[in-house]
Amino acid sequence: SSLNYLDISNNSLGSQIPNCISELADSLLILNLGGNNFHGIIPHSYPKSCKLKMINLSQNQLGGRIPRSLINCVNLVVLDIDHNEVNDSFPSWLGSLPNLQVLALRHNNFHGR
């Protein structure tokens, strides 16, 4: 049996998100880490076998860039990274995700055209 749904949202968890979280992407469907005090960067390695349909990292203190390996998450319907400290050019490449319906990026530090 494998873990399909991980929701530890709205706690007071405050550290970096461990990279092993993205290693669970080949079994997880839902990843909800929103409303915590996570800082550092968004985990950056999502495998080609990624099954994630929803990623919620909103309302944390995550910085850096949106990882390009998210392009491997072709089943992704919802990506919510709002209210963080992401400092990146606008990730127009996310438009190539075939199932993406909800993209929430507000209250970050995006720049460029």
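Where a number appears in this text, it was derived from the coordinates with a stated rule and is not lab data. From a predicted model like this one, the values you see are computed outputs, not experimental measurements. Using ideal geometry, Cβ is built from the backbone for each residue, glycine included, and neighbour counts are taken over all protein chains shown.
Are any of the residues in the range 64-72 among the aliphatic types (A, V, I, L, M), closer than 22 Å to LEU3 by Cα and within 10 Å of the chain's Cα centre (by Cα)? Yes.
For the range 1-37, a residue qualifies if it is touching a Gly at 6+ places or on another chain (Cβ under 8 Å), closer than 25 Å to VAL74 by Cβ and either in a strand (DSSP E or B) or of a type outside the set (Ser, Thr, Tyr) (or both), and exactly one does: ILE17.
LEU70: aliphatic (A, V, I, L, M), closer than 23 Å to GLN16 by Cβ, touching a Phe, Trp or Tyr at 6+ places or on another chain (Cβ under 6 Å) and buried (at least 17 other Cβ atoms within 10 Å of the Cβ), yes or no? Can you show your working first?
On the way: aliphatic (A, V, I, L, M): yes; closer than 23 Å to GLN16 by Cβ: yes; touching a Phe, Trp or Tyr at 6+ places or on another chain (Cβ under 6 Å): yes; buried (at least 17 other Cβ atoms within 10 Å of the Cβ): yes.
For LEU70, the condition - aliphatic (A, V, I, L, M), closer than 23 Å to GLN16 by Cβ, touching a Phe, Trp or Tyr at 6+ places or on another chain (Cβ under 6 Å) and buried (at least 17 other Cβ atoms within 10 Å of the Cβ) - is met.
For the range 73-99, the tally of residues that are touching a Phe, Trp or Tyr at 6+ places or on another chain (Cβ under 9 Å) and touching a residue at least 40 places away in the same chain (Cβ under 8 Å) stands at 2.
Residues being over 10 Å from the mean Cα position of the chain (by Cα), free of Cβ contacts under 8 Å to residues at least 24 places away in the same chain and either over 21 Å from LEU3 (Cα atoms) or part of a loop (DSSP other than H, G, I, E, B) (or both) are entirely absent from the range 38-54. The residue that is surrounded by the most Cβ atoms within 10 Å (Cβ to Cβ), among those in the range 38-67 that are among the charged types (D, E, K, R) and touching a helix residue (DSSP H, G or I) at 6+ places or on another chain (Cβ under 8 Å), is LYS51.
For the range 73-94, taking the residues that are of a type in the set (S, T, N, Q) and closer than 20 Å to GLY112 by Cα, the one that is surrounded by the most Cβ atoms within 10 Å (Cβ to Cβ) is identified as ASN84.
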